[in-house]
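Q: If you scroll down you'll find the structure; I have some questions about it.
Every number in this text was worked out from the coordinates using simple rules, so none of it is lab data. For clarity, every value in this text was computed on a predicted model and none was experimentally measured. Counting neighbours? That spans all protein chains shown, and the Cβs are built from the backbone with ideal geometry, glycine included.
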Amino acid sequence: MRALIQRVARCTVRVEGREVGSIGAGMLILLGVRRDDTEQDASFLARKCARLRIFSDSEGKMNISLRDTGGSALVVSQFTLYGDTKRGLRPSYTDAAPPVDAERLYTSFIIMLQSELGMDRVAAGIFRAAMEVELLNDGPVTLLIESTPDSSGQV
């Protein structure tokens with residue numbers, strides 16, 4: 001699994017012009033699911049995202065996690081994170097999980113993140129929908145985090 005994380009001052013996701021998720025300060029998580037990912041990958045990444053220290057402490061150092069700030073997360077499915085552009089000009093998505101598997105793990109990730117942060121602190125887009133994501137990046141701070149097939153889930 002891959003999570004592209006952006007620290008945001010605010011973020012909104014819309015489907016067909018209708019707002020389906022919105023947060024204030026926190027993080028936008030664009031989540032890609034790989035063909036061989038498991039529940040273990042979802043668990044590892046949910047803990048990592050919630051505990052990642054990318055928010056400033058009183059001295060201005062990135063030393064505080066989303067769990068500690070009381071901020072929120074907005075999770076948006078993003079199969080294009082597994083787009084392979086090594087050959088040609090059209091990305092190949094053969095590494096991305098099939099939609100049924102990807103949706104199951106996307107949903108698991110959201111549930112696990114809600115367990116880490118609280119249900120009211122996690123918003124989400126709609127799986128397989130064409131979405132418009134509007135954000136005000138804070139920093140900017142953008143990180144790519146990946147689970148590994150042999151990750152123990154310990155963070």
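Q: Which translational diffusion coefficient, to the nearest whole µm²/s, is obtained for segment 61-148 from the Stokes-Einstein equation, given a Kirkwood hydrodynamic radius over C-alpha pairs, 37 °C and 0.692 mPa s? Write out the running numbers ahead of the final one.
A: Working: Rh = 15.3 Å.
It comes out at roughly 214 µm²/s.
Q: Please report the antiparallel percentage of DSSP beta bridges with both residues in the chain, rounded to the nearest 5. Provide the component values of the computation, followed by the final result.
A: Numbers: 29 of 38 bridges.
Bridges in the chain are about 75 percent antiparallel.
Q: To test your reading of the geometry: what angle, between 0 and 90 degrees and rounded to tens, separates the Cα axis of helix 99-117 from the longest principal axis of the chain?
A: In the chain, helix 99-117 runs at an angle near 10 degrees to the longest axis.
Q: Compute the longest continuous run of the chain that contains no exposed trypsin sites (Lys or Arg not before Pro); treat a site as exposed when its DSSP state is not H, G, I, E or B and it has at most 12 other Cβ atoms within 10 Å.
A: Within the chain, the longest run free of exposed trypsin sites (Lys or Arg not before Pro) spans 1-60.
Q: Right, here's the next one. Specify which residue in the list Val33, Val20, Leu4 is farthest towards the positive end of the charge dipole of the chain, using unit charges on the beta carbon of Lys, Arg (+1) and Asp, Glu (-1), about the Cα centre.
A: With unit charges placed on the Cβ atoms, the residue in question is Leu4.
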